[in-house]
Ligand SMILES: Cc1cc2nc3c(=O)[nH]c(=O)nc-3n(C[C@H](O)[C@H](O)[C@H](O)COP(=O)(O)OP(=O)(O)OC[C@H]3O[C@@H](n4cnc5c(N)ncnc54)[C@H](O)[C@@H]3O)c2cc1C
């Protein structure tokens, strides 16, 4: 990992293995991850483009899902993994995720003849502005720019405007970043307001209601400052799958109990990460020149220890339960 100043000066470089043997970085393109997971399922298991419109629970605990195309599904178990604007979470009484005051541009630079970067995570820290990029394959490089913005403003989806705005933000920054933005296909650039939801004990509803349960961003949207949102969603899935498999295969817990036990086990992981990600974001988005100078000239080069900073990534999932039948 290399950390640079906005003028391109290297502040520090780390090797993950030198800092902590357990650490490594794997950058995975979302599409590849989803296709890989989907390919493990029997054909036709996933029905795409099924937009959930409304939910209703029956007296016997089943749940009726109304889809946008008019389909109605009566379900024994519902796992709500429908992201930050989750309809399932709203139905369960969760509040809307809260905007934290900064937005992120994201894109996937494409180099048809091979990308020129070393296999390193690159960060650039400016004042109230930071960026990063990391190769995800032989031809693609993921990049982001995070910038302060007091209010949400209008939603912009026109890639030409997004590209222009992103380039303007970092117009005086190292050229690598400018080139990456330029080489980003329209369909991969986006601007996202960063949001989270703090699951205060006793205030936030539980992760499950009857036989309906939440997973990932639908339950615990967190800012991406620790790079843990999707990781946490995957961890949720493994823990929940194991607990449900035990309940369904004659274990001592009912399905409802398995979901409750998942909720309490995962809360203790997701809630601290949500809070920490928020605080780290607030620190990294500081605009004060003196504070930024201390960060870039003293804290990062001399004080920062990567091992303890990355301890939160050390989560051991139990292996997935495999049914013998
Ligand atoms: C700028 C940025 C950078 C990030 N970087 C990282 C990182 O480095 N590492 C990391 O681990 N995480 C990162 N994250 C977080 C990560 O993207 C999310 O935590 C992750 O995508 C959550 O996965 P999910 O499956 O819960 O939700 P999502 O990925 O949002 O998926 C939800 C799905 O539900 C579907 N859906 C929504 N509404 C409905 C409906 N009504 N009916 C049917 N389907 C619906 C959506 O179409 C979507 O397919 C980042 C996020 C941002 C914004």
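Any read-out appearing in this document is the output of simple, stated calculations on the displayed coordinates, not a laboratory observation. Everything quoted here is computed from the prediction, not taken from an experiment. Here the Cβ positions follow ideal geometry from the backbone for every residue, glycine too, while neighbour counts run over all protein chains shown.
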Can you tell me the orientation of helix 30-39 relative to the chain, as the angle in degrees between its alpha-carbon axis and the longest Cα principal axis, to the nearest 10?
30
One can check that the equivalent ellipsoid of region 129-203, built from the alpha-carbon gyration tensor with semi-axes equal to the square roots of five times its eigenvalues, has lengths in Å, largest first, of 26, 16, 13
Each label point is 7 Å from the Cα along the Cα-to-Cβ direction; what then is the distance between the points at residue 282 and residue 41, in nm?
3.9
Using 12 Å as the cut-off for backbone N distance, which residues of region 76-101 belong to the label zone defined by a point 7 Å from the Cα of residue 198 along Cα→Cβ?
98
Rg and Dmax of region 1-154, using alpha carbons, in Å: what are they?
21.4, 64
How tilted is helix 229-248 with respect to the longest principal axis of the chain? Cα atoms for both, answer in degrees (0 to 90, nearest 10).
20
Got a sec? How would 220, 102, 312 order by Cβ neighbour count within 10 Å, fewest to most?
312, 102, 220
Please report the orientation-averaged projected area of region 206-325, defined via the convex hull of its C-alpha atoms, in nm².
9.0
When 142, 133 are ordered from fewest to most other Cβ atoms inside 10 Å of their Cβ, what list results?
142, 133
Write down the radius of gyration of region 106-239 and its Dmax, each obtained from C-alpha positions, in Å.
17.6, 55
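For Cα pairs less than 8 Å apart in space and 6+ apart in sequence, what is the mean separation divided by the residue count of the chain, i.e. the relative contact order in percent?
Relative contact order, the chain: 20 percent.
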Using Cα-Cα distances under 8 Å and only pairs 6 or more residues apart, what relative contact order does region 1-72 have, in percent?
15
Modelled FRET efficiency - R0 35 Å, residue 302 with residue 152, Cβ distances, 0.05 increments:
0.40
Between residue 275 and residue 85, 0.36 nm times their residue separation minus their Cα-Cα distance comes to what?
66.5 nm
D for region 1-66, whole µm²/s, Stokes-Einstein with Kirkwood Rh over alpha-carbon pairs at 4 °C and 1.567 mPa s: what number?
74
To make sure I understand, if each residue's beta carbon is the centre and we count other beta carbons within 10 Å, what order do 32, 238 fall in, fewest to most?
32, 238
Rule-of-thumb Rg ratio for the chain [Cα; 2.2 N^0.38 Å; N residues]:
1.08
Using a 7 Å offset from the Cα along the Cα-to-Cβ direction at both residue 26 and residue 137, what is the distance between the two label points in nm, to one decimal?
1.6
Pseudo-spin-label distance residue 64 to residue 234, built 7 Å along Cα→Cβ, given in nm, is 3.9
Explain nothing, just the number: relative contact order of region 194-325, from Cα pairs under 8 Å at least 6 residues apart, as a whole percent.
30
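On full extension of the chain, what length is gained from residue 294 through residue 54, given 0.36 nm per residue of separation minus the C-alpha to C-alpha distance?
Details: separation 240, 0.36 × 240 = 86.40 nm, distance 5.09 nm.
Here the answer is 81.3 nm.
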How many angstrom lie between the C-alpha centres of region 63-90 and region 152-187?
35
If you fit an axis through the alpha-carbon atoms of helix 255-284 and take the longest principal axis of the Cα set of the chain, what angle between them do you get, 0 to 90°, nearest 10?
20
